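To start, the structure itself, in structure tokens.
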């Protein structure tokens, strides 16, 4: 375990299947417990199929390993953590929380998690560092559940990412606190600004840029959803309807995110150019 690594809460195993065993997790007992355990076993068997196939059943794009060429790649990506919750049916013991604890609004953490996994599978970055604070849903519990550490566990156990490719660093539980740590890590890394990127949800990018500027730091920030599109895990239409709820604004967001993916791939073609009006 590295100097910055957060300890993951303990898990127990049964037949190679791991599930969360925190003493306060209130897992069901009796027949319902056995039912949950059965689902966990089936999930452990079927999840490797899920991570290698898209929703249509076709083989998932493995990025550069299958010949996909990217116009942009970096040495290191800093991923901004999202709210998480315990989930006994996932191998990691965790899942993205459906809503933000502070606002009670949808979080869309699954899309960010998929983007983190995609950037590593694509070879977009050599290393991903998740930065985030402790999860407020479980304040006062022992051991402490850190969001960044839990997301790393999800990437490794649920998304089958090589543990050597992803680390986690604890920070304060807000965007400003994330960037305080990112600035420290970036300045110590020796990398040039064009060798590092920050990845977060598309809706979060504008505020993240502003918070980063307050720290005196200027790094590229891109949306996780663009990396999901780039990998081919989901289509633009699927992104619009599944994550953004459909409608004109969702369609506009889909177009912009597709443009980012095309820029990263090096295939972007402007569609609004026209001759000047004299």
Report yes if residue 173 is closer than 22 Å to residue 123 by Cα, crowded, with 16+ Cβ neighbours inside 10 Å and touching a helix residue (DSSP H, G or I) at 6+ places or on another chain (Cβ under 7 Å), otherwise no. no
Those residues of the stretch 216-241 which are surrounded by fewer than 16 Cβ atoms within 10 Å (Cβ to Cβ) and either closer than 17 Å to residue 109 by Cβ or in contact (Cβ under 8 Å) with a residue 24 or more places away in the chain (or both) amount to 216, 218, 220
So is residue 205 in a helix (DSSP H, G or I) and crowded, with 22+ Cβ neighbours inside 10 Å or not? no
Keeping to the stretch 90-146, report how many residues are part of a strand (DSSP E or B) and under 16 Å from the mean Cα position of the chain (by Cα). 14
Within the stretch 123-143, count every residue that is touching a residue at least 24 places away in the same chain (Cβ under 8 Å) and surrounded by fewer than 23 Cβ atoms within 10 Å (Cβ to Cβ). 11
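Looking at the stretch 187-201, which of its residues are on the phi < 0 side of the Ramachandran plot and assigned to a loop (DSSP other than H, G, I, E, B)?
Within the stretch 187-201, 191, 192, 201 meet the criteria.
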Hits in the stretch 157-170 - residues which are farther than 16 Å from residue 112 by Cβ and surrounded by fewer than 24 Cβ atoms within 10 Å (Cβ to Cβ): 157, 160, 162, 163, 164, 165, 167, 170
For the stretch 159-168, state whether one or more residues are assigned to a helix (DSSP H, G or I), touching a helix residue (DSSP H, G or I) at 6+ places or on another chain (Cβ under 9 Å) and more than 25 Å from residue 265 (Cβ to Cβ). yes
Scan the stretch 104-117 for residues that are surrounded by fewer than 22 Cβ atoms within 10 Å (Cβ to Cβ) and over 14 Å from residue 201 (Cβ atoms) and jot them down. 104
Please go through the stretch 219-246 and pick out each residue that is in a loop (DSSP other than H, G, I, E, B), at pLDDT below 95 and over 16 Å from the mean Cα position of the chain (by Cα). 235, 244, 245, 246
Single match in 152, 184 (criterion: assigned to a helix (DSSP H, G or I) and either touching a strand residue (DSSP E or B) at 6+ places or on another chain (Cβ under 8 Å) or touching a residue at least 24 places away in the same chain (Cβ under 8 Å) (or both)): 152
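The values are calculated or read from the model by the stated rules, or taken from the named source; none is laboratory data. What you see is a predicted model; the values in this text were computed from it and never measured. Virtual Cβ from ideal backbone geometry, glycine too; neighbours counted across all protein chains shown.
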